[in-house]
Structure formats: C-alpha cells, structure tokens
Ligand code: ADP
Ligand code: GLC
C-alpha cells in the first residue's frame, strides 16, 4: 500500500534554504519514493516560494482557504517541489516580507515568529486530517521547532494520525512567553508539564516531542548525545523519557545536486576514475579567491570552510589557528555568513595573510560546489553537529574532511589512524575537543598526510567510494513510518 506522508518543513531546497534542513526536506520525497511512500511537502508562502509557483498557478489553484488562521486569512496553493507534490501556505500577513524566513534583513528574529509558525503548523494539521478536499494522508513528518506544533495540534484535536518529529538541531527550540498561549487555540489543559508548557512559557519543539508518535534525529551519535545535558539543551530529560521512540537516522546527500561527474557549477567535472582532472578546479578556485597558485602542487593543502558563522560551528577556534595553518604552508578559502563579529575577524585574518587566506561573506550555492571540487580538505570544527552535510559533500567530491568527533561528523568520517589507513578505510581526520591545541594538531596531521600523495589519494578514493546516498536512510524512514501505522 502506498503510504501518504505530509512532510512539514519551514524550508526546502531548491526553493528556500538557510541550512541543511532545506537540503534534507528537499531530498526526502525522492528518497522515500522507492519505498512506496508518496511524500507531499508543505512550506510557508515566503515571497521566493510564491514566485516559484508562478502568479497564475498561485491564483488558479487555491485548494483550501482559512478565513482566519490564528487571526489572519490564508489559502492553500498546490505546486511542485522538483518532481514531487508541494503545498504552500499563502498567508501574506505572516510570510509576505522581505528578509529571511526567520529574521529580518538585519538578522533580528521576527517578533511574531510564534504566531507565524503556529499558524503554519495549525494549517498543516488541518490539511493532514482532510481539511482540503481530495487530499488525504496516513502520517505527518514534522521538522524542527517551526513545524513542531503540528503533532501537538493533532494530539489536542484528538486525531489518531501518527506523527514523526525530526530534530535537526536541538539549539533551536522555539521557546516563547506564556502570554502567547491563549492565541494558539489549544485547550487549557495543553498548558501542562507533559504538554506545551516549558519553563513557565511555551516550547514549540518540546510540545512536538511530547506529542509525536516517534522522534528522530539526524545521526545515531547525536541521538545519544541529546540524552545528556551538554547536547540536550534542557530537553535531555524528555528525550531520555521517550527512550525507545528516539531514532538516529543519518542524512543522505542528494546525488542529483551533488555529483562531481555531472555538476554544472564546476570548471571541470571529474570522477573517481579521473581524479587528476580535479586539479583544474583547484586552479580555478585559487583564481576565484585571489589565492597564491600552487602550480607544482608541492606546497601545503588548500583548506576550505563553508558554513553558517555561529558558535556551533567553532569558527572562533578556527580564527585562533589560522596563523598556525598558514605557517605550515596551508591556505584557506572560507565562505560563510552570520555573526557580524566573526565576519569582521575573518576579514582581518585575510588581510593579515594576503594570498594565503581569503574570505567571502555571503551565501553562494554555486561557489559552495566549486569549493568542494577545488579544495584539498574541508574543515568542520563544530562544537556540536546533529548530522552535517558539508563533510558528506566533501567526501563525495574528494575534498578530505577534517572534523571534530561529534554527532554526524563522528558517524560519517573514518579517522586516518594507522589501522584505518592500513585497511584503506580512512576517509578523513577527526579530532576530539574543539580548542586550539586539538584543532592545530588535526591540521598538522592533515598536512602531513597531504605530503604523502599515496595516502592522500587513498583518503580521497575511500571517501568518493563510500555510499552517502539516501538509499539506506530512505528505507529507515519508510520502515519507521510503517511501524507507526495502526495495525490491520
Ligand atoms: P547547518 O544546517 O547546521 O548549517 P549542514 O552542514 O547540515 O549545517 O548544512 C549546511 C548547508 O548549507 C550545506 O548545504 C552547505 O553547503 C550550505 N551552506 C552553508 N553556508 C553556506 C554559504 N555561506 N553559502 C552557500 N552554502 C552554504
Ligand atoms: C541542522 C544541523 C545539521 C544537519 C542539518 C540537516 O541544521 O545543524 O547538522 O545536517 O540540520 O539535518
């Protein structure tokens, strides 16, 4: 029997993306299709998403309307996410704004985010339970706090529809003051310890975790880590109490978007069999970043970093090791955006090391592909990383990952210790603590390996051979969905 799943996400590539959630939500429908799961995605109608639907389609195909959705009129519009079904919540009062999905152009969170995403979740719960004629679903799959009120609404509606709640990042929980509660349209008993109440306020992610039939997160190691205070960020007790219902399913990569053999963004396409061709991408990247060219390729490696600039990603520690990295002959190309203080400090580091360190501030999808294809190694010194995708793209593109041993980074990179090197299994370098000494040591190891071309090529090859497609994880989600259906 084909299973009909409504995937509820606040972003999905290629329509709207601020991070890995979009990659995953965008890839899931295709990942589930081989397992007889028909996934429809519902997204908020941000300007970009509405524009992608096309004015005519948006006008003609409203398939449901809410006269008042948490106080504002809204419509449901149908479209396509690639080959797959898409529903868009067109609610201009909530989503027709310049700026990002969660914050204004200056990076300040929208003050009414609680209402915007409660409305989104309320609409999704309505649609899941048949509000729109002709649409029916067997299960909902909610992603992160922005979608997390959907399982809570289903619970307090008394709906038997099963739900899966995926945690992509425990650091974002959607925690608001108690004063928002009356406007959520929930019965009074929902404001309870095992409901939506959280430290005297309202917790969206918390409410979803309490209500969902099953909880997943995006790697087995992170599933274990969030049981502890350091990573659970206040919700570790709840995660532990739901014990057996918490699953770690590692993200795959969308091989239609991320394949060095077909990637249109690259100067030169290449494959495992034509690895030497990769060099053309390195030359192009040096030129694009204005870095010294290492024409005979005997100098140090070209490290790349592609990231949101936040505390999570360990960029403050990266800043501390830049002089060390350059002193050993390394070069660094960084693409990122986020924290203004980090942006300034990175620019200063680049100014100190002309030709050796270059920084691009901004969000540039094409450049991120060219960096994976042209860099020798990608640095990911995250303090925590639920899964992480940039190290997976690095593996697929022969850009050797140098990562901290946490979350999905620990699960997806095989450290180049002697045993793993001897077995040909090593794919990168891991280090334990996110501090100067540990990261500097990892960079030393990476540079030493780079100067052993036979070993380095072995790392690249083993990475490119490993299977990070959605094949296995798609099946894991499908099996989980089916296990939640009512028997018979
Ligand atoms: P997170 O979701 O925590 O940011 P992930 O590694 O899961 O971390 O996903 C990040 C995604 O965003 C990847 O697809 C990465 O290539 C992309 N990305 C991050 N920063 C940038 C940037 N400045 N420009 C282009 N792509 C970026
Ligand atoms: C989050 C996490 C990241 C993960 C992504 C997709 O943004 O920070 O580790 O890869 O979600 O699941």
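Quick rundown of the values:
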{"read-out": "Fully extended contour minus Cα-Cα distance, from residue 323 to residue 418, at 0.36 nm per residue", "value": "31.4 nm"}
{"read-out": "Pair residue 192, residue 436: separation of 7 Å Cα→Cβ label points (nm)", "value": "5.3 nm"}
{"read-out": "Per principal axis, descending, Cα span of the range 139-243 in whole Å", "value": "37, 30, 21"}
{"read-out": "Taking 470, 145, 311 and counting other C-beta atoms within 10 Å, the order from fewest to most", "value": "311, 470, 145"}
{"read-out": "Rounded FRET efficiency, nearest 0.05, which uses the C-beta distance separating residue 1 from residue 68 and R0 of 45 Å", "value": "0.80"}
{"read-out": "Rg/Rh (Cα only; Kirkwood hydrodynamic radius) as it applies to the range 247-371", "value": "0.99"}
{"read-out": "Relative exposure of 64, 199, judged by other C-beta atoms within 10 Å (fewest first)", "value": "199, 64"}
{"read-out": "Residue-span extension gain [residue 240 to residue 347] - 0.36 nm each, minus C-alpha spacing", "value": "34.3 nm"}
{"read-out": "Principal axis dimensions, largest first and in whole angstrom, of the range 64-125 by Cα", "value": "33, 29, 17"}
{"read-out": "Residue 292 versus residue 465: modelled label distance in nm, points set 7 Å from Cα along the beta carbon direction", "value": "3.5 nm"}
{"read-out": "Rounded FRET efficiency, nearest 0.05, which uses the C-beta distance separating residue 83 from residue 275 and R0 of 51 Å", "value": "0.95"}
{"read-out": "Approximate shape of the range 272-465 as ellipsoid semi-axes (Cα gyration tensor, √5λ), whole Å, largest first", "value": "23, 19, 16"}
{"read-out": "Label point distance in nm, residue 159-residue 479, each placed 7 Å from Cα along Cα→Cβ", "value": "2.8 nm"}
{"read-out": "Cα-based shape type of the range 144-202, given that a ≥ b ≥ c are square roots of the gyration tensor eigenvalues and the cut on a/c is 1.5", "value": "oblate"}
{"read-out": "18 Å reach of a label modelled at residue 18, 7 Å along Cα-to-Cβ, counting backbone N of the range 346-371", "value": "362-365"}
{"read-out": "Residues 378, 42, 8, 253 arranged by fewest to most Cβ contacts within 10 Å", "value": "253, 378, 42, 8"}
{"read-out": "Shape of the range 324-370, Cα gyration tensor, a/c cut at 1.5", "value": "oblate"}
{"read-out": "Evaluated over the range 116-163, the Cα radius of gyration and Dmax, each in Å", "value": "9.8, 28"}
{"read-out": "Convex hull projection area averaged over all views, the chain, Cα basis, nm²", "value": "22.8 nm²"}
{"read-out": "Cβ-derived FRET efficiency at R0 30 Å, residue 104 paired with residue 230, nearest 0.05", "value": "0.40"}
{"read-out": "Kirkwood hydrodynamic radius of the range 1-45, Cα pairs, Å", "value": "10.7 Å"}
{"read-out": "Degrees between helix 315-327 axis and first principal axis of the chain (Cα, 0 to 90, nearest 10)", "value": "10 degrees"}
{"read-out": "Tilt relative to the chain, helix 436-450 - C-alpha long axis, 0 to 90 degrees, to 10", "value": "60 degrees"}
{"read-out": "In degrees, nearest ten, helix 471-484 long axis to first principal axis of the chain (Cα)", "value": "20 degrees"}
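Values quoted throughout were computed directly from the atomic coordinates according to the rules given, and no laboratory measurement underlies them. Since this is a predicted model, take the numbers as computed values, not measurements. Ideal geometry is used to build each Cβ from the backbone, glycine not excepted, and the neighbour counts take in all protein chains shown.
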